[in-house]
1. Whose amide H sits under 5 Å from the amide H of Ala18, counting only residues 5 or more places off or on another chain, with H placed in the peptide plane?
2. In a shell of Cβ-Cβ distance under 11 Å around Arg77, excluding Arg77 itself, what net charge do Lys and Arg (+1) and Asp and Glu (-1) give?
3. Nearest 500 deg cm²/dmol is fine: what mean residue ellipticity at 222 nm does the chain get from its DSSP H runs of n ≥ 4 alone, each adding -39,500 (n - 2.57), divided by its residue count?
4. Taking Cα pairs under 8 Å and at least six residues apart, what relative contact order does the range 2-114 come out at, in percent?
5. Return Leu45, Leu86, Leu73, Leu102 ranked ascending by Cβ neighbour count within 10 Å, so the fewest neighbours appear first.
6. Place a point 7 Å from the Cα of Ala34 along the Cα-to-Cβ direction; which residues of the range 90-120 have their backbone N under 13 Å from it?
7. Let me spell out the model: positive unit charges on the Cβ of Lys and Arg, negative unit charges on the Cβ of Asp and Glu, origin at the Cα centre of the range 2-114. What dipole size does that give, in debye rounded to 20?
8. Spelling out what I want: for every residue of the range 102-114, take phi, set θ = phi - 60°, compute 6.51 cos²θ - 1.76 cosθ + 1.60 (Karplus), and round to whole Hz; glycine and proline get x.
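Just so it is clear, none of the values below were taken in a lab; they were calculated from the coordinates. None of these values were measured; they are calculated from a predicted model. All Cβ positions, glycine included, derive from the backbone under ideal geometry; neighbour counts span all protein chains shown.
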Amino acid sequence: MLAWMCVLVGTAAAHRQATPGESRAMWRTIDRVAQIDGCVERRGLISTAKTPQRKFGTVVVADSHCGNGQFVLAKQRGGSGPWRILGAGSDWGNPDRCASDLRQIPRRVLEDFFGDGYCA
């Protein structure tokens, strides 16, 4: 029973909450690129998957002004460069978009954000 609980904790901790600065920077990119302004800017998440060159983050849009969806963004690890939007929508995991998502975003990052077996 204890081993089963440890597995659940490990899976649930596959990402961390973004810092306020990381969240602000991701939302600035979304406001500028996607041109949706005035959304409720909830704190984002940062993937903890081992990706040596890029850091991946996600923010959820869920309000009456901007609708519902989720953005996945990336930036160079350790750099001060801007975040870049890699994908957006509310249909993550839909078989129609799996191939294009996996070309842009490593599977282990997608599984961090959307659960094990993403697009399996």
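1. Gly44, Leu45, Ile46
2. Net charge around Arg77: +4.
3. -11000 deg cm²/dmol
4. Answer for the range 2-114 is 23 percent.
5. Leu102, Leu86, Leu45, Leu73
6. What the label zone holds, given the 13 Å backbone N cut-off, is 90-92.
7. Result for the range 2-114 is approximately 560 debye, rounded to the nearest 20.
8. 3J(HN,Hα) across the range 102-114, in whole Hz: 5, 6, 9, 10, x, 3, 5, 6, 4, 5, 4, 7, 10.
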